[in-house]
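The values are calculated or read from the model by the stated rules, or taken from the named source; none is laboratory data. Bear in mind the structure is a predicted one, so any value in this text is a computation, not a measurement. Backbone-built Cβ (ideal geometry, glycine too); neighbour counts: all protein chains shown. Remember, those area values only see protein heavy atoms, side chains included, never the ligands or the DNA or RNA. Shrake-Rupley method; radii C 1.70, N 1.55, O 1.52, S 1.80 Å.
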Amino acid sequence: MAALYILIPVAVVLVALAIWVFFWAVDSGQYDDLDGPAHSILFDEEDPKHRAGIKQAEEGSDDRKDGSD
């Protein structure tokens, strides 16, 4: 029974830490582009259409960093 007095607060602190880390990751943009790296391996770097897509994606991510959606 005495172990519960230690384990329950430790568990609550760990859950709070996990929630804080999740929200930090979302706010810092860790989950902004999940598909881009997976799809970029399929395209040739020298393809002009691919380069245009990369440029467009970078411009879109710059807009999100500015706070405009």
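Here the spin labels are modelled as points 7 Å beyond Cα on the Cα-Cβ line, and at VAL12 and TRP24 they lie 2.2 nm apart. Sequence-ordered 3J(HN,Hα) estimates for region 21-34 from the Karplus curve with 6.51, -1.76 and 1.60 and θ = phi - 60° stand at 5, 4, 5, 4, 5, 5, 5, 8, x, 5, 10, 5, 10, 8 Hz, glycine and proline given as x. For ILE8, the solvent-accessible surface with a 1.4 Å probe is about 100 Å², rounded to the nearest 10.
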